[in-house]
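Worksheet: one structure, shown below.
The values are calculated or read from the model by the stated rules, or taken from the named source; none is laboratory data. These numbers come from a predicted model, not from an experiment. Quick reminder, even Gly has a Cβ in these numbers, built from the backbone with ideal geometry, and neighbours come from all protein chains shown. Note: accessible area is taken over every heavy atom of the protein model, side chains too, but ligands, DNA and RNA are not part of it. Shrake-Rupley method; radii C 1.70, N 1.55, O 1.52, S 1.80 Å.
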Amino acid sequence: MSDKKMKLKLHVYRQASKDAAGAMKEYVVEDVSEHMSFLEMMDHLNEQLMNKGEEPIAFDHDCREGICGMCSMVINGIPHGGHRGVTACQLHMRHFKDGDEIFVEPWRARAFPVLRDLVVDRQAFDRIVAAGGYVSINTGGAPDANALPISKKEADLSMDAAACIGCGACVAACKNASAMLFVAAKASHLNHLPQGEPERYERVKKMAAQMDAEGFGTCSNYSSCEAVCPKEISVRVIAEFNRDLLKAQAK
Amino acid sequence: MAEASELRREAASEPLFGSLATFAMSSVGSKVVMAVTGIGLWLFITAHLAGNLTAFLGREIFNGYAAALHHNQPLLWGMRLALLIGFPLHILTAARTVALNRAARPVEYAWANKSPARAAAKTMMLSGAVVLAFLLYHLAHFTWRVTGPMPAAPLPSGDWDAYSMLVMGFQRPLIAGFYVLGQVLLAAHLSHGLYSMFQHLGLWGRRWTPWLQSAALVVGYGLCIAFASIPLAVLLGIIKP
Ligand code: FES
């Protein structure tokens with residue numbers, strides 16, 4: 001296995017704190033291995049910065065295997081870098097070549113204020129889930145597994161939506177900064193299960209109201225969200241959400 | 001950032017979306033308004049086209065159609081009323097959502113937003129604005145009769161000689177060109193809108209949604225070609241004075 005070393009020019013958004021003004025800053029990163037992930041390349045850059053006594057670039061990350069949804073970088077204008085079905089942490093540097101210029105920016109949305117550099121506050125998502133993305137369960141013993149049969153079709157629809165890791169790439173990609181793909185995925189995953197079904201219409205009403213209160217935009221069906229979603233969640237969930245919300249008006 | 005702290009971040013108190021008006025103002029509801037008014041406007045345009053195409057059948061039939069429409073006051077005013085409600089609702093809701101969406105991203109990407117989206121979808125506002133400008137011109141031309149060449153005298157029956165108006169207007173390349181341009185932008189608008197309305201109304205099918213996207217393209221540009229054929233036919237001398 002060859003291990004070519006690359007030299008890259010990065011333009012990274014830097015902002016010292018929530019209220020400070022930010023700007024794009026230029027960095028040159030040397031000795032980047034093509035086996036590195038994008039986040040490892042960022043670590044590598046940070047080491048170089050720290051050696052020089054500069055402040056390292058703050059960015060969110062946790063699992064580094066595409067399951068937690070923490071990493072959140074708009075790479076060359078596309079959230080997570082534009083390779084189908086991958087998060088920034090799963091993005092390999094072999095997709096870049098020596099001498100490339102790369103632009104790295106945080107998610108941009110009014111509802112996701114920048115806290116520092118590439119780190120944004122995504123608690124708006126938590127509040128939407130808290131508003132209706134749950135199932136009310138009366139306490140008691142845990143029910144037996146398989147006590148409630150669920151058809152394969154419904155289980156699949158639910159599981160496809162449940163794949164959402166809440167990273168917020170959908171909002172970052174959308175020209176309108178709409179959160180519909182996230183919100184609809186969270187609703188769909190519960191709405192297709194017998195446990196979630198009874199609260200279906202209440203749920204969509206509450207989640208939609210919270211979504212609007214958070215200051216996200218409206219959905220114009222660009223489908224950019226679907227294109228950048230690292231879990232490849234279909235805009236089907238959005239149509240479903242719209243339908244449920246319409247039906248909910250009559251309830 | 002400062003703008004974040006201004007957000008209320010609290011959902012409206014009960015009853016949530018209780019009234020229809022509140023729903024129509026919400027982000028999902030405003031798109032339902034766009035979809036429903038969009039369907040109405042599209043139906044109107046299709047009916048309008050069917051009438052226009054009688055121009056190919058000659059002066060008598062076209063003028064007969066125009067006169068029949070003019071004398072059928074209930075139909076005419078029913079149509080006008082529907083348009084007087086549908087158009088402003090469609091336009092004002094569009095303006096409101098655009099303002100909302102701009103506010104939703106106060107800081108744009110420094111480099112660019114390269115996330116994929118179809119061009120027709122991203123330019124709905126632009127195509128809509130040009131279609132609106134075209135519509136106003138078209139009304140001034142044929143309905144208010146303040147622009148464009150006019151036949152010297154009405155028909156003996158007292159009706160306007162719509163056929164002559166059409167031919168005299170479209171014999172001027174500039175006017176014909178503007179009509180064709182208006183139709184091309186209308187086609188772009190419909191090619192996204194006709195698909196989008198189904199999404200907004202919650203109608204999605206694994207198999208037929210992709211089909212629908214192609215159908216919207218065919219219907220949108222089909223209407224455009226059919227409409228534009230009239231000024232072009234006049235220019236080419238197929239529709240004769
Ligand atoms: S760090 Fe967990 S998904 Fe990227």
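Here are the numbers:
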| item | result |
| --- | --- |
| Unique match (being touching a strand residue (DSSP E or B) at 6+ places or on another chain (Cβ under 9 Å), aliphatic (A, V, I, L, M) and farther than 21 Å from residue B:31 by Cα) among A:177, A:173, A:169, A:163 | A:169 |
| Any hit, region B:89-98, residues being touching a Phe, Trp or Tyr at 6+ places or on another chain (Cβ under 9 Å), more than 10 Å from chain A (Cβ to nearest Cβ) and of a type in the set (A, V, I, L, M) | no |
| Pair list, Cβ under 7 Å, 6 or more apart: region A:56-79 residue closer than 14 Å to residue A:115 by Cα, other residue more than 10 Å from the ligand (Cβ to nearest atom) and of a type in the set (Gly, Ala, Ser) | A:72/A:168 |
| Some residue of region A:169-177 being open to solvent by less than 20 Å² (accessible area, probe 1.4 Å), more than 18 Å from the chain's Cα centre (by Cα) and not assigned by TED's automatic domain parsing to the domain that holds residue A:65 | no |
| Qualifying residue in region A:53-64 (condition: away from chain B (no Cβ under 11 Å), away from the ligand (no atom under 16 Å from the Cβ) and in contact with an Asp or Glu (Cβ under 7 Å, 6 or more places away or on another chain)) | no |
| Hits in region B:109-156 - residues which are in a loop (DSSP other than H, G, I, E, B), of a type in the set (A, V, I, L, M) and within 13 Å of chain A (Cβ to nearest Cβ) | B:110, B:112, B:117 |
| Residues of region A:114-141 that turn out to be over 18 Å from the mean Cα position of the chain (by Cα) and either touching a residue at least 12 places away in the same chain (Cβ under 8 Å) or within 30 Å of residue A:32 (Cα to Cα) (or both), as a count | 6 |
| Qualifying residue in region A:27-47 (condition: under 30 Å from residue A:213 (Cβ atoms), of a type outside the set (S, T, N, Q), open to solvent by 40 Å² or more (accessible area, probe 1.4 Å) and in contact (Cβ under 8 Å) with a residue 12 or more places away in the chain) | no |
| Flag for residue A:194 being open to solvent by less than 20 Å² (accessible area, probe 1.4 Å) and either among the polar types (S, T, N, Q) or out of contact with any Pro (no Cβ under 6 Å at 6 or more places or on another chain) (or both) | no |
| Qualifying residues in region A:200-222 (those that are farther than 13 Å from residue A:182 by Cβ and more than 7 Å from every other protein chain (Cβ to nearest Cβ)) - the one most open to solvent (accessible area, probe 1.4 Å) | A:202 |
| Condition check for residue B:133: of a type outside the set (Asp, Glu), surrounded by fewer than 18 Cβ atoms within 10 Å (Cβ to Cβ) and closer than 21 Å to residue A:228 by Cβ | no |
| Residue satisfying condition, being more than 16 Å from the ligand (Cβ to nearest atom), touching an Asp or Glu at 6+ places or on another chain (Cβ under 7 Å), within 14 Å of chain B (Cβ to nearest Cβ) and touching a residue at least 12 places away in the same chain (Cβ under 8 Å), within set A:16, A:111 | A:111 |
| Output for region A:87-106, where each listed residue is open to solvent by less than 30 Å² (accessible area, probe 1.4 Å) and within 12 Å of the ligand (Cβ to nearest atom) | A:87, A:88, A:89, A:91 |
| Restricting region A:65-86 to residues that are near the ligand (Cβ under 7 Å from one of its atoms) and of a type in the set (A, V, I, L, M), the residue that is farthest from the other protein chains (Cβ to nearest Cβ) | A:67 |
